[in-house]
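First the structure, in the form of structure tokens, and then the observations on it.
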Amino acid sequence: MTASRTLATAARVLRQLRHDPRTIALLLIIPSLMIILLRYVFDGSPAVFNSIGASLLGIFPLITMFLVSSIATLRERTSGTLERLLAMPLGKGDLIGGYALAFGALAVIQSLIATGISVWLLDLNVVGSPWLLLLVALLDALLGTALGLFVSAFAASEFQAVQFMPAVIFPQLLLCGLFTPRGSMQPVLRWISDVLPMSYAVDAMTQVLHHPDATATFAKDTGIVAAIALLVLVLGAATLPRRTP
């Protein structure tokens, strides 16, 4: 894995995305629209929006980045582009790293837009710094990218890539503590939630919601999310096939 090849791959992916306005809209606009919709669903109960809005600010980018990165990587394989690229002096690590950088750059923009709208337009009330909120949203988006790149190795079509969403995302959504505290769950489910990365993302958002400064728990939760994202990227590079049979 070399920096020049990784950066060249990232630049190529960004050039491709520039000509795909629907994907750009999905990445940059949809998460913010979902947050706005949620705000006015609970228009009569602003306390409810404050309690779950911060968590969903991280969950929505994770879901959109998962969908787009998994489908985009699979499209490279099914079209034969990946096979041609890997026939050149380009390793799997360069390819995965380039995709991660490209989607990571979009994740920064996505998180800035969604966080800015939530805090300054929708009056999401958080005790901690909005910059900490932005950090967690960005890590969640990067985690979604890593998971999408990883599961794309096991799909043979774009439809199959989308089918991974109920298996990978929905259990995390149900067990992350968004709907009920994890401590009150059935013990087996609580143990499962303890190994799911979205649980730590929601916990980190909760820390920002209630504490003015970064706490030790916040540092631990964000560190776990970042470590899992990095681990999944490494696994994605190791398992990525050159093409779909």
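The values are calculated or read from the model by the stated rules, or taken from the named source; none is laboratory data. Predicted model, so just to flag it, every value in this text is computed and none were measured. Note that each Cβ is placed from the backbone with ideal geometry, even for glycine, and that neighbours are counted across all protein chains shown. To get the accessible areas, we keep the full protein, side chains included, count just its heavy atoms, and leave off ligands, DNA and RNA. Shrake-Rupley method; radii C 1.70, N 1.55, O 1.52, S 1.80 Å.
Tell me the helices (runs of 4 or more DSSP H) entirely within region 120-225 that contain at least 1 residues that are of a type in the set (S, T, N, Q), modelled with pLDDT of 85 or more and open to solvent by 40 Å² or more (accessible area, probe 1.4 Å). Outline the logic, then answer.
Working: elements: 130-151, 158-168, 170-175, 187-193, 197-210.
Per the criteria, 197-210.
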(message) Show the residue pairs meeting these rules: Cβ distance below 7 Å; 6+ apart or different chains; first residue within region 148-171 and under 15 Å from V68 (Cβ atoms); second residue open to solvent by 50 Å² or more (accessible area, probe 1.4 Å) and assigned to a helix (DSSP H, G or I).
(response) F150/L235; V151/F164; A155/F164; E158/R75
(message) If the requirement is being farther than 30 Å from E158 by Cα and over 18 Å from the mean Cα position of the chain (by Cα), which of these qualifies: A204, A214?
(response) A214
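Got a number for residues in region 13-40 being open to solvent by 40 Å² or more (accessible area, probe 1.4 Å) and either of a type outside the set (A, V, I, L, M) or touching a Ser or Thr at 6+ places or on another chain (Cβ under 7 Å) (or both)? Lay out the reasoning, then the answer.
Narrowing region 13-40 to residues open to solvent by 40 Å² or more (accessible area, probe 1.4 Å): 14-16, 18-19, 21-22, 24, 26, 29-30, 33-34, 36-37, 39-40.
After this cut, where a residue has to be either of a type outside the set (A, V, I, L, M) or touching a Ser or Thr at 6+ places or on another chain (Cβ under 7 Å) (or both) as well, the list is 15-16, 18-19, 21-22, 26, 30, 39-40.
Here the count works out to 10.
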(request) Being modelled with pLDDT of 80 or more and not in a helix (DSSP H, G or I) is the filter here, so list the residues in region 44-85 that pass it. (result) G44, S45
